[in-house]
1. Ignoring ligands and nucleic acids, what accessible area does Arg75 show with a 1.4 Å probe (Å², nearest 10)?
2. For Leu51, enumerate residues with amide H under 5 Å from its amide H, sequence gap 5+ or separate chain, H modeled in the peptide plane.
3. Treat each spin label as a single point 7 Å out from the Cα along the C-beta direction, and report the Thr49 to Asp25 distance in nm.
4. Pairs of alpha-carbon atoms within less than 8 angstrom and 6+ residues apart define the contacts here; what relative contact order does region 24-82 have, in percent?
5. Taking amide hydrogens as modeled 1.01 Å from N in the peptide plane, which residues meet the under 5 Å criterion relative to Ala20, leaving out close sequence neighbours?
Amino acid sequence: MPVNPTRRWPCPGGNGMFAATLVIDGRVVGTWKRVFKKAGIEITATPFTPLSPADAQGFAAAVQRYGAFHKLPVRVVSDFGL
């Protein structure tokens, strides 16, 4: 999977586990994480660079499918206005 060679690969906590990656058109463009809460799922997205409106919409659609799979509502916390 191609990544930006100037960016360090996310490996939080030093435990060898990689962060969940946000992939668009075969390129890693950010990371995301999810937390299950009483009211549903909270997803935090951290793109490496701003997403285009079309890519942000695609991410929003994927997030809704993820929530539907778990049969829970989803709230997105991000820097790109979803």
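1. 140
2. For Leu51, no residues qualify.
3. 1.0
4. Working: 68 pairs, mean separation 22.0, N = 59.
Computed value for region 24-82: 37 percent relative contact order.
5. Counting only residues 5 or more places away or on other chains, the set is Trp32.
The values are calculated or read from the model by the stated rules, or taken from the named source; none is laboratory data. Predicted model, so just to flag it, every value in this text is computed and none were measured. Glycine also receives a Cβ, built like all others from the backbone with ideal geometry; neighbour counts cover every protein chain displayed. With ligands, DNA and RNA removed, areas are computed over all heavy atoms of the protein, side chains included. Shrake-Rupley method; radii C 1.70, N 1.55, O 1.52, S 1.80 Å.
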